1. Out of (1) open to solvent by less than 50 Å² (accessible area, probe 1.4 Å); (2) closer than 30 Å to Gly44 by Cβ; (3) modelled with pLDDT under 90, what's the single condition that is false for Gly101?
2. Starting from region 50-76, keep only residues that are without any contact (Cβ under 8 Å) to a residue 60 or more places away in the chain, then list their pairs with residues that are open to solvent by less than 30 Å² (accessible area, probe 1.4 Å) and part of a loop (DSSP other than H, G, I, E, B) whose Cβ atoms are within a distance under 7 Å, requiring at least 6 positions of separation or different chains.
3. Which one is farthest from Arg91 (Cα to Cα) among residues in region 11-36 that are out of contact with any Phe, Trp or Tyr (no Cβ under 9 Å at 6 or more places or on another chain) and not in a helix (DSSP H, G or I)?
4. From the list Arg85, Arg91, which one is at pLDDT below 80, out of contact with any strand residue (DSSP E or B) (no Cβ under 8 Å at 6 or more places or on another chain), within 30 Å of Gln15 (Cβ to Cβ) and not hydroxyl-bearing (Ser, Thr, Tyr)?
5. Can you tell me how many residues within region 44-91 are more than 20 Å from Lys113 (Cα to Cα), open to solvent by 30 Å² or more (accessible area, probe 1.4 Å) and assigned to a helix (DSSP H, G or I)?
6. So which residues in region 125-167 are in a loop (DSSP other than H, G, I, E, B), modelled with pLDDT under 90 and open to solvent by 90 Å² or more (accessible area, probe 1.4 Å)?
Amino acid sequence: MGSSSSSRNKIPNAQELMDQTGFSSAHLLRLRDRFESLDRNNRGYLSRDDFEALGGLAMNPIGGRIIEAFFSSGQDTVDFSSFVRILAHFRPTDRNRNKEGTQQELPSSRTRKLKFAFQLYDLDRDGKISREELLQVLRAMLGLQVTEEQLQSIAERAIQEADLDKDDAISFDEFKKSLEKMDIDTKMSVSFLK
């Protein structure tokens, strides 16, 4: 335990990162190793080029959107703390409580995961997913597997079903409600099949 604690001391704000993300000390150490392997020039930060060098992201149809999720508006680099906070969105949903006993919203909470997913579709970051933004993401994900007409139909149906205020776009609240409805419908279908 002493060596883990001393290794953790090499990570600035380690306890704060663990509290904010739900990652353990061992996870932070593995993430630090991964961060350092990506930081080939030992600069202490990652650039878009560092992420683009990852083969898996290069092959992912929305890899560019995932890479962009690591960078705040106007930011060109990602430090270790930001790297860890973004990766926490990919952890299983976590319902931990903080020391005061109140609900702590970790990046791995359902709401934070939904916000993260919403941002992958909200290309212009205006708080709404327009039909064109939805089409751009669908084109990236489905590519040549479906026709443009089919993509248009999928986008139209998604907007119709999720757009509760009829402004021809999907807000985060509408996105969230739509996914919650899908969860309920899926659970009902599965229980019906049992």
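1. Among (1) open to solvent by less than 50 Å² (accessible area, probe 1.4 Å); (2) closer than 30 Å to Gly44 by Cβ; (3) modelled with pLDDT under 90, the lone unmet condition for Gly101 is (2).
2. Hits for this filter: Asp50/Asp39; Phe51/Phe70; Asp76/Ser47.
3. Asn13
4. Arg91
5. 7
6. Within region 125-167, just Arg125 meets the criteria.
The values are calculated or read from the model by the stated rules, or taken from the named source; none is laboratory data. Bear in mind that the values here come from a model prediction, so they are computed numbers and not experimental data. Please note: Cβ atoms are built from the backbone with ideal geometry, for glycine as well, and neighbour counts cover all protein chains shown. Just the protein is used for accessible areas: all its heavy atoms, side chains included, with ligands, DNA and RNA removed. Shrake-Rupley method; radii C 1.70, N 1.55, O 1.52, S 1.80 Å.
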